[in-house]
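The values are calculated or read from the model by the stated rules, or taken from the named source; none is laboratory data. Bear in mind the structure is a predicted one, so any value in this text is a computation, not a measurement. Here the Cβ positions follow ideal geometry from the backbone for every residue, glycine too, while neighbour counts run over all protein chains shown. Accessible surface areas use protein heavy atoms only, side chains included; no ligands, DNA or RNA. Shrake-Rupley method; radii C 1.70, N 1.55, O 1.52, S 1.80 Å.
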Amino acid sequence: AAKPKLYYFDGRGRMESVRWLLAAAGVEYEEVLFQTAEDFKNLIKSGKLMYDQVPMVEMDGMSIVQTRAILKYIATKYNLYGKDLKERAIIDMYVEGMRDLNDMIMFFPFSLPEEKQKILNYILERATQRFFPVYEKALKDHGKNYLVGNQLSWADVQLLEVILMVEELKSDILSAFPKLQEFKARVSKLPNIQKFLQPGSPRKPQEDETTVEVVKKIFKL
Ligand SMILES: N[C@@H](CCC(=O)N[C@@H](CS(=O)(=O)O)C(=O)NCC(=O)O)C(=O)O
């Protein structure tokens, strides 16, 4: 079968979680990384973007848009979405919380210089007071290696992604979360994920000023 094809700009944004999930599933994919507003306009003209927006993933004969729809499709297809309705609900609760944190981090590079420190403090406070305690407790309570059903799921992949992104903002953020430290070490060593964490993988670097300017030009922000 043809490899999935990911259409996005050359950066993390909303697509990074898709890259992580496909990598964790051991699925190779191609990327169309556009650089200009012209490229994006041409993609819109192709008629493949249901809402004239990206992320868009071409796979299994579909042009899937809406990040959550893409992620759910992949999680279901590669058995990363729990074994039954209840496990799937727990995974959704974890993933949606992580997405709230993830979105704060995603928009952070676009915040005004004079607001950056305040927003950074808010992100770190939410990470350590609201979100990480939930996952630390879950791992502590059931004593298993993974968040749900003692097998790798979308929730584990999303958690590792967001842990690493918060650590880019504050490297010792996990100091009060021993279970999350163990979780990070363990899941980072899974072959598919370890490969994705190596240089040269499709994983994108932390968003910097240059990328912010490129994104503003592409999407005329
Ligand atoms: N709900 C959508 C939002 C997608 C979205 O806002 N995409 C932006 C690009 S980015 O924010 O993900 O970088 C876009 O295409 N903007 C162009 C437009 O909205 O006209 C999703 O989750 O996929």
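Using the Cα centre of the chain as origin and beta-carbon charges of +1 (Lys, Arg) and -1 (Asp, Glu), tell me which of Val212, Ala138, Ala185 is placed farthest towards the positive end of the dipole.
Of the listed residues, the answer is Ala138.
Using Cα positions and a limit of under 18 Å, work out the aspartates and glutamates in reach of Lys189, with same-chain residues fewer than 8 apart set aside.
Asp156, Glu161, Glu167
Over the chain, with the other protein chains present, what is the accessible area per residue in square angstrom, probe 1.4 angstrom?
Heavy-atom SASA per residue in the chain reads 51 Å².
Going highest first, how would you order 93-106, 131-144 by mean Cβ packing within 10 Å?
93-106, 131-144
So what's the net charge close to Glu16: Lys and Arg +1, Asp and Glu -1, counting the other residues with Cβ under 10 Å from its Cβ?
Once positives and negatives cancel, what remains is +3.
Strictly over 18 Å apart at the Cα level, which of Lys3/Lys77; Lys72/Lys140; Lys83/Lys179; Lys83/Lys137; Lys140/Lys184; Lys83/Lys140 would you flag in this model?
From the list (Lys3/Lys77; Lys72/Lys140; Lys83/Lys179; Lys83/Lys137; Lys140/Lys184; Lys83/Lys140), the Cα-Cα distance tops 18 Å for Lys72/Lys140; Lys83/Lys179; Lys83/Lys137; Lys83/Lys140.
Placing unit charges on C-beta atoms (Lys and Arg positive, Asp and Glu negative, everything else neutral), compute the dipole magnitude of segment 1-125 about its Cα centre in debye, rounded to 20.
For this selection, approximately 300 debye.
Pairs Lys118/Lys170; Lys144/Lys170; Lys41/Lys216; Lys116/Lys170: which are spaced more than 19 Å apart, C-alpha to C-alpha?
Lys144/Lys170, as the Cα separations exceed 19 Å there.
Round to a whole number: what % of the accessible area of segment 103-209 belongs to carbon and sulfur, probe 1.4 Å?
55 percent
Please tell me the relative contact order of the chain in percent, rounded to the nearest whole number, where contacts are Cα pairs under 8 Å and at least six residues apart.
Across the chain, relative contact order equals 27 percent.
Compute the separation of the alpha-carbon centres of segment 5-24 and segment 166-207 and state it in Å as a whole number.
16 Å
Work through the residues other than Val95 whose Cβ is under 13 Å from its Cβ and net out their charges, Lys, Arg +1 and Asp, Glu -1.
-3
Mind listing the phi-derived Karplus ³J(HN,Hα) values for segment 14-26, rounded to whole Hz, using 6.51, -1.76 and 1.60 with θ = phi - 60°, and x for any glycine or proline?
7, 7, 4, 5, 5, 4, 4, 5, 4, 4, 4, 7, x
Give the carbon-plus-sulfur fraction of the accessible surface of segment 45-100 in %, rounded to a whole number; probe 1.4 Å, heavy atoms of protein chains only.
55 percent
About its Cα centre, how strong a charge dipole does the chain have in debye, to the nearest 20, once Lys and Arg get +1 and Asp and Glu get -1 at the Cβ?
Dipole about the Cα centre, nearest 20: 480 debye.
Given Cα pairs under 8 Å that are at least 6 residues apart, what percent is the relative contact order of segment 152-221?
Answer for segment 152-221 is 20 percent.
Which order do peptides 113-125, 6-18, 193-205 fall in by mean Cβ count within 10 Å, highest first?
Put in order of decreasing packing, that is 6-18, 193-205, 113-125.
What shape does the chain have by the C-alpha gyration tensor, where a ≥ b ≥ c are the square roots of the eigenvalues, rounded means a/c under 1.5, and otherwise prolate means a/b greater than b/c and oblate the rest?
Cα axes put the chain in the oblate bin.
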